[in-house]
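*Asks:* One structure is given below, represented as C-alpha coordinates, and several questions about it will come after.
The values are calculated or read from the model by the stated rules, or taken from the named source; none is laboratory data. Only a predicted model underlies this, so the values are computations on that prediction, with no experimental measurement involved. Counting neighbours? That spans all protein chains shown, and the Cβs are built from the backbone with ideal geometry, glycine included. Heads up: the accessible areas ignore ligands, DNA and RNA and are worked out on the full protein's heavy atoms, side chains in. Shrake-Rupley method; radii C 1.70, N 1.55, O 1.52, S 1.80 Å.
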Amino acid sequence: MENTKKTIYSGIQPSGILTLGNYLGAVKNWALLQEEYNCYYGVVDMHAITVRQNPTELRKRCADTMALILAAGVDPERHTVYYQSQVGAHAELMWILNCFTYMGELNRMTQFKEKSSRHADNINSGLFTYPVLMAADILLYNADLVPVGSDQRQHLELTRDIAIRMNGIFGDIFTVPEAYIAKAGARIMSLQSPEKKMSKSDENVNGFIALLDDEKTIRAKIRRAVTDSDGEIRLAPEKPGITNLLSIYAAIKKITPEEAEKEFAGMNYGQLKEGVSDAIVDELKPLQERYYEIRKDKELLNRVAAEGAEKAASVAYRTLGKVQRKVGFAPRKL
Ligand code: TRP
(Lines give C-alpha, C1' and ligand atoms only; values in the text may rest on other atoms or scores of the structure.)
Protein backbone atom coordinates (compact mmCIF):
# COMPACT_ATOMS: atom_id res chain seq x y z
CA MET A 1 0.00 0.00 0.00
CA GLU A 2 2.69 2.44 1.11
CA ASN A 3 4.27 2.88 -2.31
CA THR A 4 0.96 3.51 -4.08
CA LYS A 5 0.64 6.76 -2.16
CA LYS A 6 1.40 9.94 -4.04
CA THR A 7 4.35 12.02 -2.96
CA ILE A 8 4.09 15.53 -1.58
CA TYR A 9 7.00 17.94 -1.30
CA SER A 10 6.94 21.26 0.48
CA GLY A 11 9.45 23.63 1.98
CA ILE A 12 9.42 26.37 4.56
CA GLN A 13 12.03 29.06 5.01
CA PRO A 14 13.52 29.36 8.48
CA SER A 15 13.71 33.12 8.26
CA GLY A 16 12.02 35.55 10.59
CA ILE A 17 9.59 34.67 13.30
CA LEU A 18 6.80 32.29 12.44
CA THR A 19 3.35 33.71 12.04
CA LEU A 20 -0.23 32.53 12.07
CA GLY A 21 -0.05 32.96 8.29
CA ASN A 22 2.78 30.41 7.99
CA TYR A 23 0.91 28.04 10.19
CA LEU A 24 -2.55 28.24 8.64
CA GLY A 25 -1.18 28.63 5.12
CA ALA A 26 1.34 25.82 5.31
CA VAL A 27 2.33 23.78 8.31
CA LYS A 28 -1.16 23.01 9.65
CA ASN A 29 -1.98 21.66 6.23
CA TRP A 30 1.22 19.59 6.14
CA ALA A 31 -0.01 17.66 9.13
CA LEU A 32 -3.35 17.00 7.45
CA LEU A 33 -1.72 15.74 4.26
CA GLN A 34 0.33 13.08 5.99
CA GLU A 35 -2.57 10.65 6.25
CA GLU A 36 -3.03 10.42 2.53
CA TYR A 37 0.41 11.08 1.08
CA ASN A 38 4.05 10.23 1.41
CA CYS A 39 5.49 13.57 2.52
CA TYR A 40 8.85 15.32 2.33
CA TYR A 41 9.08 18.56 4.26
CA GLY A 42 12.22 20.62 3.98
CA VAL A 43 13.39 23.42 6.22
CA VAL A 44 14.93 25.32 3.33
CA ASP A 45 17.87 27.06 4.94
CA MET A 46 19.68 27.38 1.60
CA HIS A 47 16.83 29.49 0.28
CA ALA A 48 16.95 31.60 3.43
CA ILE A 49 20.49 32.86 2.80
CA THR A 50 19.45 34.53 -0.47
CA VAL A 51 18.84 37.45 1.87
CA ARG A 52 21.35 38.32 4.60
CA GLN A 53 20.95 36.30 7.76
CA ASN A 54 22.62 36.47 11.10
CA PRO A 55 24.24 33.00 11.43
CA THR A 56 23.36 32.51 15.09
CA GLU A 57 19.80 33.59 14.46
CA LEU A 58 19.50 31.39 11.39
CA ARG A 59 20.61 28.28 13.25
CA LYS A 60 18.13 29.06 16.00
CA ARG A 61 15.31 29.64 13.54
CA CYS A 62 16.05 26.36 11.79
CA ALA A 63 15.46 24.55 15.08
CA ASP A 64 12.38 26.71 15.77
CA THR A 65 10.95 25.76 12.41
CA MET A 66 11.68 22.08 12.89
CA ALA A 67 10.03 22.23 16.32
CA LEU A 68 6.95 23.88 14.82
CA ILE A 69 6.60 21.21 12.16
CA LEU A 70 6.70 18.53 14.84
CA ALA A 71 4.41 20.46 17.18
CA ALA A 72 1.89 20.74 14.36
CA GLY A 73 1.75 16.96 14.39
CA VAL A 74 3.87 15.90 11.43
CA ASP A 75 5.19 12.42 12.20
CA PRO A 76 8.90 12.21 11.35
CA GLU A 77 8.85 8.43 11.59
CA ARG A 78 6.42 8.02 8.73
CA HIS A 79 7.53 11.01 6.70
CA THR A 80 10.73 12.90 5.98
CA VAL A 81 11.49 16.16 7.75
CA TYR A 82 14.96 17.58 7.22
CA TYR A 83 17.25 20.55 6.72
CA GLN A 84 17.85 21.22 3.05
CA SER A 85 21.53 22.12 3.55
CA GLN A 86 22.21 18.66 4.98
CA VAL A 87 21.42 16.94 1.71
CA GLY A 88 24.07 17.97 -0.79
CA ALA A 89 22.08 16.65 -3.74
CA HIS A 90 19.98 19.83 -3.74
CA ALA A 91 22.92 22.01 -4.69
CA GLU A 92 24.23 19.42 -7.13
CA LEU A 93 20.98 18.98 -9.01
CA MET A 94 20.47 22.71 -8.99
CA TRP A 95 23.64 23.19 -11.00
CA ILE A 96 22.41 20.87 -13.70
CA LEU A 97 18.97 22.48 -13.76
CA ASN A 98 20.63 25.90 -14.01
CA CYS A 99 22.07 24.80 -17.33
CA PHE A 100 18.56 24.08 -18.61
CA THR A 101 16.91 27.25 -17.33
CA TYR A 102 16.95 30.48 -19.31
CA MET A 103 17.84 33.90 -17.98
CA GLY A 104 14.63 35.17 -19.58
CA GLU A 105 12.56 32.74 -17.53
CA LEU A 106 14.18 33.82 -14.27
CA ASN A 107 13.93 37.47 -15.21
CA ARG A 108 10.17 37.14 -15.43
CA MET A 109 9.76 35.88 -11.86
CA THR A 110 7.69 38.43 -9.97
CA GLN A 111 9.15 37.40 -6.63
CA PHE A 112 12.67 38.12 -7.92
CA LYS A 113 11.58 41.54 -9.13
CA GLU A 114 9.85 42.25 -5.86
CA LYS A 115 12.71 40.99 -3.67
CA SER A 116 15.38 42.78 -5.65
CA SER A 117 13.57 46.04 -5.19
CA ARG A 118 13.24 45.34 -1.46
CA HIS A 119 16.90 44.30 -1.10
CA ALA A 120 18.43 46.63 -3.67
CA ASP A 121 21.81 46.52 -1.89
CA ASN A 122 22.06 42.74 -2.18
CA ILE A 123 20.75 41.47 -5.52
CA ASN A 124 22.89 38.33 -5.44
CA SER A 125 22.76 35.54 -8.00
CA GLY A 126 21.22 33.20 -5.41
CA LEU A 127 18.20 35.45 -5.33
CA PHE A 128 18.02 35.17 -9.10
CA THR A 129 18.35 31.38 -9.24
CA TYR A 130 16.21 30.81 -6.15
CA PRO A 131 13.44 29.18 -8.23
CA VAL A 132 15.93 26.70 -9.71
CA LEU A 133 16.89 25.53 -6.23
CA MET A 134 13.21 25.16 -5.48
CA ALA A 135 12.83 23.09 -8.66
CA ALA A 136 15.70 20.87 -7.48
CA ASP A 137 13.95 20.37 -4.12
CA ILE A 138 10.79 19.21 -5.78
CA LEU A 139 12.27 17.12 -8.59
CA LEU A 140 14.74 15.21 -6.41
CA TYR A 141 11.89 13.47 -4.62
CA ASN A 142 9.71 12.84 -7.66
CA ALA A 143 6.95 14.82 -6.02
CA ASP A 144 3.51 14.47 -7.59
CA LEU A 145 2.03 17.34 -5.65
CA VAL A 146 3.33 20.54 -4.13
CA PRO A 147 1.18 22.53 -1.72
CA VAL A 148 2.02 26.15 -2.42
CA GLY A 149 0.47 29.51 -1.74
CA SER A 150 -0.38 31.73 -4.68
CA ASP A 151 2.94 33.58 -4.33
CA GLN A 152 4.79 30.38 -5.25
CA ARG A 153 2.65 29.32 -8.19
CA GLN A 154 4.97 30.91 -10.73
CA HIS A 155 7.95 29.04 -9.28
CA LEU A 156 6.08 25.78 -9.52
CA GLU A 157 5.18 26.52 -13.14
CA LEU A 158 8.86 27.05 -13.86
CA THR A 159 9.67 23.74 -12.15
CA ARG A 160 7.20 22.05 -14.46
CA ASP A 161 8.69 23.75 -17.51
CA ILE A 162 12.21 22.64 -16.57
CA ALA A 163 11.05 19.06 -15.90
CA ILE A 164 9.14 18.87 -19.18
CA ARG A 165 12.08 20.36 -21.08
CA MET A 166 14.57 17.89 -19.64
CA ASN A 167 12.21 14.95 -20.05
CA GLY A 168 11.96 15.96 -23.72
CA ILE A 169 15.72 15.96 -24.12
CA PHE A 170 16.70 12.94 -22.03
CA GLY A 171 13.61 10.76 -21.90
CA ASP A 172 11.54 10.59 -18.77
CA ILE A 173 13.71 11.49 -15.83
CA PHE A 174 11.44 13.66 -13.76
CA THR A 175 7.93 13.42 -12.42
CA VAL A 176 6.17 16.61 -13.51
CA PRO A 177 4.67 18.02 -10.30
CA GLU A 178 1.31 19.64 -9.87
CA ALA A 179 0.12 22.29 -7.48
CA TYR A 180 -1.88 21.05 -4.56
CA ILE A 181 -4.41 23.68 -3.71
CA ALA A 182 -5.38 23.66 -0.06
CA LYS A 183 -9.10 23.77 0.55
CA ALA A 184 -8.89 26.63 2.99
CA GLY A 185 -6.45 28.98 4.55
CA ALA A 186 -4.18 29.33 1.57
CA ARG A 187 -3.72 33.03 2.03
CA ILE A 188 -3.84 34.93 5.28
CA MET A 189 -3.45 38.67 4.94
CA SER A 190 -1.94 41.40 7.11
CA LEU A 191 -4.24 42.62 9.88
CA GLN A 192 -3.13 46.20 9.24
CA SER A 193 -2.98 46.24 5.44
CA PRO A 194 -5.27 43.37 4.42
CA GLU A 195 -4.42 43.75 0.74
CA LYS A 196 -0.93 42.37 1.57
CA LYS A 197 0.02 38.86 2.68
CA MET A 198 0.54 38.41 6.45
CA SER A 199 4.27 38.57 6.80
CA LYS A 200 6.82 38.49 9.54
CA SER A 201 8.71 41.19 7.65
CA ASP A 202 5.81 43.58 8.24
CA GLU A 203 7.28 46.65 9.96
CA ASN A 204 4.08 46.94 11.95
CA VAL A 205 3.92 44.09 14.50
CA ASN A 206 0.16 44.58 14.67
CA GLY A 207 -0.01 43.33 11.10
CA PHE A 208 0.75 39.76 12.02
CA ILE A 209 0.11 37.29 14.80
CA ALA A 210 3.26 35.47 15.79
CA LEU A 211 2.75 31.82 16.57
CA LEU A 212 4.15 32.37 20.02
CA ASP A 213 2.14 35.51 20.84
CA ASP A 214 0.35 35.18 24.15
CA GLU A 215 -3.38 35.43 24.56
CA LYS A 216 -3.38 39.09 25.54
CA THR A 217 -1.33 40.08 22.53
CA ILE A 218 -3.46 38.04 20.17
CA ARG A 219 -6.66 39.63 21.41
CA ALA A 220 -5.17 43.12 21.24
CA LYS A 221 -3.95 42.61 17.67
CA ILE A 222 -7.29 41.29 16.47
CA ARG A 223 -9.08 44.16 18.22
CA ARG A 224 -6.85 46.58 16.31
CA ALA A 225 -7.27 44.79 12.97
CA VAL A 226 -8.31 47.13 10.17
CA THR A 227 -11.93 46.75 9.06
CA ASP A 228 -14.22 49.25 7.29
CA SER A 229 -17.10 51.54 8.13
CA ASP A 230 -19.80 49.55 6.38
CA GLY A 231 -20.71 47.55 9.47
CA GLU A 232 -21.87 44.44 7.70
CA ILE A 233 -20.10 41.10 8.02
CA ARG A 234 -19.70 39.66 4.55
CA LEU A 235 -17.02 38.47 2.16
CA ALA A 236 -16.27 41.05 -0.51
CA PRO A 237 -13.20 42.26 -2.40
CA GLU A 238 -13.88 45.80 -1.23
CA LYS A 239 -13.93 44.54 2.37
CA PRO A 240 -10.46 42.96 2.65
CA GLY A 241 -10.23 43.32 6.45
CA ILE A 242 -13.50 41.54 7.20
CA THR A 243 -12.82 38.97 4.47
CA ASN A 244 -9.45 38.24 6.05
CA LEU A 245 -10.91 37.78 9.54
CA LEU A 246 -13.49 35.38 8.13
CA SER A 247 -10.76 33.49 6.25
CA ILE A 248 -8.64 33.14 9.39
CA TYR A 249 -11.65 31.81 11.27
CA ALA A 250 -12.50 29.42 8.44
CA ALA A 251 -8.94 28.11 8.16
CA ILE A 252 -8.83 27.34 11.86
CA LYS A 253 -12.25 25.69 11.91
CA LYS A 254 -11.58 23.85 8.65
CA ILE A 255 -14.71 25.32 7.08
CA THR A 256 -15.11 27.49 4.00
CA PRO A 257 -15.08 31.30 4.31
CA GLU A 258 -18.70 31.21 3.08
CA GLU A 259 -19.65 29.01 6.01
CA ALA A 260 -17.84 31.38 8.35
CA GLU A 261 -19.72 34.29 6.79
CA LYS A 262 -23.02 32.56 7.58
CA GLU A 263 -21.99 31.91 11.17
CA PHE A 264 -21.35 35.60 11.79
CA ALA A 265 -24.17 37.04 9.68
CA GLY A 266 -26.00 39.83 11.49
CA MET A 267 -23.40 40.22 14.22
CA ASN A 268 -21.28 43.31 14.72
CA TYR A 269 -17.54 43.69 14.14
CA GLY A 270 -16.79 43.44 17.85
CA GLN A 271 -18.47 40.06 18.00
CA LEU A 272 -16.65 38.88 14.90
CA LYS A 273 -13.33 39.93 16.38
CA GLU A 274 -14.10 38.16 19.61
CA GLY A 275 -15.06 34.98 17.76
CA VAL A 276 -11.87 35.12 15.71
CA SER A 277 -9.71 35.79 18.78
CA ASP A 278 -11.27 32.85 20.63
CA ALA A 279 -10.62 30.57 17.67
CA ILE A 280 -6.98 31.67 17.38
CA VAL A 281 -6.31 31.33 21.10
CA ASP A 282 -7.92 27.87 21.21
CA GLU A 283 -5.85 26.79 18.25
CA LEU A 284 -2.51 28.23 19.33
CA LYS A 285 -2.52 27.39 23.04
CA PRO A 286 -2.07 23.64 22.67
CA LEU A 287 0.27 24.16 19.73
CA GLN A 288 2.46 26.47 21.82
CA GLU A 289 2.56 23.97 24.67
CA ARG A 290 3.74 21.22 22.37
CA TYR A 291 6.15 23.61 20.70
CA TYR A 292 7.88 24.68 23.94
CA GLU A 293 8.14 21.06 25.00
CA ILE A 294 9.77 19.97 21.73
CA ARG A 295 11.91 23.07 21.30
CA LYS A 296 13.82 22.48 24.50
CA ASP A 297 14.49 18.84 23.61
CA LYS A 298 17.73 19.34 21.65
CA GLU A 299 18.36 15.63 21.47
CA LEU A 300 15.02 14.97 19.82
CA LEU A 301 15.51 17.77 17.31
CA ASN A 302 19.00 16.57 16.41
CA ARG A 303 17.83 13.01 16.01
CA VAL A 304 14.91 13.96 13.77
CA ALA A 305 17.21 16.12 11.64
CA ALA A 306 19.83 13.39 11.29
CA GLU A 307 17.32 10.69 10.43
CA GLY A 308 15.46 13.01 8.11
CA ALA A 309 18.62 13.93 6.21
CA GLU A 310 19.53 10.28 5.84
CA LYS A 311 16.11 9.31 4.50
CA ALA A 312 16.00 12.33 2.19
CA ALA A 313 19.51 11.65 0.90
CA SER A 314 18.74 8.07 -0.01
CA VAL A 315 16.00 9.21 -2.39
CA ALA A 316 17.67 12.41 -3.55
CA TYR A 317 20.98 10.84 -4.52
CA ARG A 318 19.21 8.13 -6.46
CA THR A 319 17.49 10.79 -8.58
CA LEU A 320 20.67 12.82 -8.88
CA GLY A 321 22.63 9.76 -10.04
CA LYS A 322 20.06 9.10 -12.72
CA VAL A 323 20.19 12.69 -13.96
CA GLN A 324 23.99 12.74 -13.95
CA ARG A 325 24.05 9.60 -16.08
CA LYS A 326 21.54 11.07 -18.50
CA VAL A 327 23.49 14.29 -19.00
CA GLY A 328 26.65 12.30 -19.65
CA PHE A 329 28.69 12.47 -16.47
CA ALA A 330 30.98 9.57 -15.63
CA PRO A 331 29.34 6.89 -13.47
CA ARG A 332 29.37 7.80 -9.82
CA LYS A 333 29.62 5.77 -6.68
CA LEU A 334 27.29 7.33 -4.10
N1 TRP B 1 9.93 29.21 -1.85
C2 TRP B 1 9.03 28.65 -0.87
C3 TRP B 1 8.46 29.78 -0.02
O4 TRP B 1 9.12 30.76 0.22
C5 TRP B 1 9.73 27.66 0.00
C6 TRP B 1 10.17 26.46 -0.77
C7 TRP B 1 11.45 26.11 -1.08
C8 TRP B 1 9.32 25.45 -1.31
N9 TRP B 1 11.45 24.95 -1.78
C10 TRP B 1 10.18 24.52 -1.95
C11 TRP B 1 7.93 25.26 -1.33
C12 TRP B 1 9.67 23.42 -2.61
C13 TRP B 1 7.43 24.15 -1.99
C14 TRP B 1 8.30 23.25 -2.63
O15 TRP B 1 7.36 29.65 0.46
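*Asks:* Give the residue that is most open to solvent (accessible area, probe 1.4 Å), with candidates limited to residues of region 136-158 that are in a helix (DSSP H, G or I) and within 8 Å of the ligand (Cβ to nearest atom). Before the answer, list the steps.
*Replies:* So in region 136-158, the residues in a helix (DSSP H, G or I) come out as 136-140, 150-158.
Subset that is within 8 Å of the ligand (Cβ to nearest atom): 137-138, 151-152, 155-156.
Values: D137: 4, I138: 3, D151: 54, Q152: 28, H155: 4, L156: 4 Å².
Checking each candidate, the answer is D151.
*Asks:* Determine whether region 192-213 contains at least one residue that is of a type in the set (A, V, I, L, M) and within 15 Å of the ligand (Cβ to nearest atom). Walk me through how you get there before you give the answer.
*Replies:* Quick first cut of region 192-213, residues of a type in the set (A, V, I, L, M) only: 198, 205, 209-212.
Pick out the ones that are also within 15 Å of the ligand (Cβ to nearest atom) and you get 198.
Looking for residues that are of a type in the set (A, V, I, L, M) and within 15 Å of the ligand (Cβ to nearest atom), one finds at least one in region 192-213, hence yes.
*Asks:* Kindly provide the set of residues from region 23-36 that are touching a Lys or Arg at 6+ places or on another chain (Cβ under 8 Å) and over 18 Å from D144 (Cβ atoms), ordered by number.
*Replies:* We begin by selecting, within region 23-36, every residue touching a Lys or Arg at 6+ places or on another chain (Cβ under 8 Å); these are 25, 34, 36.
Matches in region 23-36: G25 only.
Residue by residue, here is whether (1) farther than 19 Å from C39 by Cβ; (2) more than 20 Å from the chain's Cα centre (by Cα) holds:
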position: A251; (1), (2): yes, no
position: A265; (1), (2): yes, yes
position: D278; (1), (2): yes, yes
position: A312; (1), (2): no, no
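*Asks:* Which residue out of E178, E114, E195 is touching a strand residue (DSSP E or B) at 6+ places or on another chain (Cβ under 6 Å) and loosely packed, with under 14 Cβ neighbours inside 10 Å?
*Replies:* Values: E114 fails: touching a strand residue (DSSP E or B) at 6+ places or on another chain (Cβ under 6 Å); E195 fails: touching a strand residue (DSSP E or B) at 6+ places or on another chain (Cβ under 6 Å).
Answer to the check: E178.
*Asks:* Working carefully through the options S201, S193, find the one that is among the hydroxyl-bearing types (S, T, Y), in a loop (DSSP other than H, G, I, E, B) and free of Cβ contacts under 8 Å to residues at least 40 places away in the same chain. Let's see the steps before the verdict.
*Replies:* Numbers: S201 fails: free of Cβ contacts under 8 Å to residues at least 40 places away in the same chain.
Going through S201, S193 in turn, just one is among the hydroxyl-bearing types (S, T, Y), in a loop (DSSP other than H, G, I, E, B) and free of Cβ contacts under 8 Å to residues at least 40 places away in the same chain: S193.
*Asks:* Search region 124-135 for residues that are on the phi > 0 side of the Ramachandran plot and among the aromatic types (F, W, Y) and pair each with any residue that is open to solvent by less than 10 Å² (accessible area, probe 1.4 Å) and not in a helix (DSSP H, G or I) when their beta-carbon atoms are under 6 Å apart and the residues are at least 6 apart or on different chains.
*Replies:* Nothing qualifies.
*Asks:* Since L284 meets every condition but one in (1) part of a helix (DSSP H, G or I); (2) without any contact (Cβ under 8 Å) to a residue 40 or more places away in the chain, which condition does it not meet?
*Replies:* (2)
*Asks:* Can you tell me which condition A330 does not meet? The list is (1) more than 25 Å from the chain's Cα centre (by Cα); (2) surrounded by 13 or more Cβ atoms within 10 Å (Cβ to Cβ); (3) of a type in the set (G, A, S), and all the others hold.
*Replies:* Against the list (1) more than 25 Å from the chain's Cα centre (by Cα); (2) surrounded by 13 or more Cβ atoms within 10 Å (Cβ to Cβ); (3) of a type in the set (G, A, S), A330 comes up short only on (2).
*Asks:* Okay, moving on. Taking only pairs six or more apart or across chains, which ones have beta-carbon atoms under 7 Å, a first residue in region 230-243 that is small (G, A, S), and a second residue that is in a loop (DSSP other than H, G, I, E, B)?
*Replies:* Pairs found: G241/P194; G241/A225; G241/V226; G241/T227; G241/D228.
*Asks:* Related question: Restricting to region 68-86, give me the number of residues that are open to solvent by less than 20 Å² (accessible area, probe 1.4 Å) and either aromatic (F, W, Y) or within 21 Å of H155 (Cα to Cα) (or both).
*Replies:* The qualifying residues number 2.
*Asks:* Determine, yes or no, whether Y40 is within 11 Å of the ligand (Cβ to nearest atom), under 16 Å from the mean Cα position of the chain (by Cα), farther than 27 Å from N206 by Cα and open to solvent by 10 Å² or more (accessible area, probe 1.4 Å).
*Replies:* Numbers: within 11 Å of the ligand (Cβ to nearest atom): yes; under 16 Å from the mean Cα position of the chain (by Cα): yes; farther than 27 Å from N206 by Cα: yes; open to solvent by 10 Å² or more (accessible area, probe 1.4 Å): yes.
Spelling it out, Y40 is indeed within 11 Å of the ligand (Cβ to nearest atom), under 16 Å from the mean Cα position of the chain (by Cα), farther than 27 Å from N206 by Cα and open to solvent by 10 Å² or more (accessible area, probe 1.4 Å).
*Asks:* Check whether at least one residue in region 4-27 is open to solvent by 10 Å² or more (accessible area, probe 1.4 Å), away from the ligand (no atom under 16 Å from the Cβ) and not hydroxyl-bearing (S, T, Y), and report yes or no.
*Replies:* Yes: region 4-27 contains one or more residues that are open to solvent by 10 Å² or more (accessible area, probe 1.4 Å), away from the ligand (no atom under 16 Å from the Cβ) and not hydroxyl-bearing (S, T, Y).
*Asks:* Quick one: which of A312, A330, A305 is farther than 27 Å from S247 by Cα and not in a helix (DSSP H, G or I)? Can you show your working first?
*Replies:* Values: A312 fails: not in a helix (DSSP H, G or I); A305 fails: not in a helix (DSSP H, G or I).
That would be A330, the only listed residue that is farther than 27 Å from S247 by Cα and not in a helix (DSSP H, G or I).
Yes/no per residue for (1) modelled with pLDDT under 95; (2) open to solvent by 30 Å² or more (accessible area, probe 1.4 Å); (3) on the phi > 0 side of the Ramachandran plot:
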residue: S199; (1), (2), (3): yes, yes, no
residue: I222; (1), (2), (3): no, no, no
residue: V226; (1), (2), (3): no, yes, no
residue: K239; (1), (2), (3): no, no, no
residue: I252; (1), (2), (3): yes, no, no
residue: A260; (1), (2), (3): no, no, no
residue: E263; (1), (2), (3): no, yes, no
residue: L272; (1), (2), (3): no, no, no
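*Asks:* Can you name the number of the only condition in (1) among the charged types (D, E, K, R); (2) more than 12 Å from the ligand (Cβ to nearest atom); (3) open to solvent by 30 Å² or more (accessible area, probe 1.4 Å) that E105 fails?
*Replies:* Among (1) among the charged types (D, E, K, R); (2) more than 12 Å from the ligand (Cβ to nearest atom); (3) open to solvent by 30 Å² or more (accessible area, probe 1.4 Å), E105 violates only (3).
*Asks:* Of all the residues that make up region 201-214, how many are open to solvent by 60 Å² or more (accessible area, probe 1.4 Å) and among the hydrophobic types (A, V, I, L, M, F, W, C)?
*Replies:* 2
*Asks:* Another question, if that's okay. If you check N98, N167, which single one turns out to be more than 13 Å from the ligand (Cβ to nearest atom), farther than 30 Å from T256 by Cα, open to solvent by less than 30 Å² (accessible area, probe 1.4 Å) and over 16 Å from the mean Cα position of the chain (by Cα)?
*Replies:* Working: N98 fails: open to solvent by less than 30 Å² (accessible area, probe 1.4 Å).
Of the residues listed, the single one that is more than 13 Å from the ligand (Cβ to nearest atom), farther than 30 Å from T256 by Cα, open to solvent by less than 30 Å² (accessible area, probe 1.4 Å) and over 16 Å from the mean Cα position of the chain (by Cα) is N167.
*Asks:* Would you mind telling me which numbered condition in (1) of a type in the set (A, V, I, L, M); (2) in contact (Cβ under 8 Å) with a residue 24 or more places away in the chain; (3) exposed (fewer than 15 other Cβ atoms within 10 Å of the Cβ) L301 fails?
*Replies:* Looking at each condition in turn, L301 falls short on (3).
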